[in-house]
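First comes the structure, then the notes that go with it.
The values are calculated or read from the model by the stated rules, or taken from the named source; none is laboratory data. These figures come from a predicted structure and were not determined experimentally. Don't worry about glycine lacking a Cβ; one is built from the backbone with ideal geometry, like all the others, and counts go over all protein chains shown. The area values use the complete protein model at the heavy-atom level, side chains included, leaving out ligands, DNA and RNA. Shrake-Rupley method; radii C 1.70, N 1.55, O 1.52, S 1.80 Å.
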Amino acid sequence: LDDRSIQANDNYLRAFGYAHADLEGKAHSVFVNEEEKRSAGYKDFWDNLRACSFQSGEFKRVGKNGREVWISATYNPILDKNGVVTKVVKFATDITPGKQAEEELREKANLLDLSHDTIMMRDLSGKILFWNTGAEEMYGYSKEEALGSNVYTLLGTVFPKPLAEIEAELMEK
């Protein structure tokens, strides 16, 4: 609870680029950027742990040499026999590759969004998952109106039947 790291396994160390000796007795805050350390949210996070409140989520952290590392983590307060929190055990998984892939996808989606070509994406049920500027211009529905709507309901005159129905009819013939 005094913010010192007591022990970390090899997977955790590898994700952050540290060796055991690098962290022995060092503050947990070595993994947190300066802005976050000064935030009310970070203080509240540790106050809640000290008050025996389990914490979990996805966190952006700092690895060796300032490298960005994303983790999905749970922080579990450990009580002594008197019910007082004495330490916190953290279970973390490195989710950096997934976060990097999400960012790349967001960047690509932004490029598609700017296209004046009509680009939309739907799932198998017809729910609209992506609607770009070109689709707004062509069909007259804003992104907010279209996303989550059913393409067959929204554009019924363009798509009179769900694709599954058309395919089923073709299979019968």
Count the net charge of all other residues whose Cβ sits under 12 Å from the Cβ of Thr86, scoring Lys and Arg as +1 and Asp and Glu as -1.
+1
For the chain, give the magnitude of the charge dipole about the Cα centre (Cβ charges: +1 Lys/Arg, -1 Asp/Glu; no others), in debye to the nearest 20.
860
Ignoring solvent entirely, what values of log10 I(q)/I(0) come out of the Debye formula for region 67-114 at 0.21, 0.22, 0.23 Å⁻¹ when each Cα is a single scatterer?
-0.77, -0.80, -0.83
5 angstrom amide H check on Trp70, placed H, neighbours 5+ away:
Arg61, Ile95, Thr96
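Using the crude model of +1 on Lys and Arg Cβ and -1 on Asp and Glu Cβ, and no other charge, please compute the dipole size for region 1-103 relative to its Cα centre, in debye to 20.
Working: 15 positive and 16 negative charges, 44 e Å.
So the magnitude is around 220 debye.
Over region 28-99, what is the relative contact order in percent, taking alpha-carbon pairs closer than 8 angstrom and at least six residues apart?
Numbers: 107 pairs, mean separation 17.8, N = 72.
Once divided by the residue count of region 28-99, the mean separation gives 25 percent.
Thinking of the chain as a set of Cα atoms, what percent of all their pairs are more than 20 Å apart? It would help to have the intermediate numbers written out before the result.
Values: 9962 of 14878 pairs.
That tail contains 67 percent of the Cα-Cα pairs.
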Taking amide H atoms as placed 1.01 Å from N in the peptide plane, list the residues 5 or more away in sequence, or in a different chain, whose amide H sits under 5 Å from that of Ala27.
Ser5
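Can you give me the % of accessible surface on the chain that is carbon or sulfur? Probe 1.4 Å, all protein chains present, nothing else counted.
Working: 6280 of 11600 Å².
Of all accessible area on the chain, carbon and sulfur atoms account for 54 percent.
What accessible area per residue, rounded to a whole number of Å², is obtained for the chain using a probe radius of 1.4 Å?
Values: 11600 Å² over 173 residues.
Each residue of the chain exposes 67 Å² on average to a 1.4 Å probe.
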Convert each backbone phi in region 51-61 into a coupling constant with the Karplus relation 6.51 cos²θ - 1.76 cosθ + 1.60 (shift: θ = phi - 60°), then list the ³J(HN,Hα) values in order as whole Hz, x for Gly and Pro.
8, 6, 9, 3, 10, 8, x, 9, 10, 8, 10
Per residue of region 122-131, what does 6.51 cos²θ - 1.76 cosθ + 1.60 with θ = phi - 60° give for ³J(HN,Hα)? Whole Hz please, x for Gly and Pro, Karplus curve as stated.
9, 8, 5, 7, x, 5, 7, 9, 9, 8
How much net charge surrounds Ile128 when only other residues with a Cβ under 15 Å from its Cβ are counted (Lys, Arg +1; Asp, Glu -1)?
-2
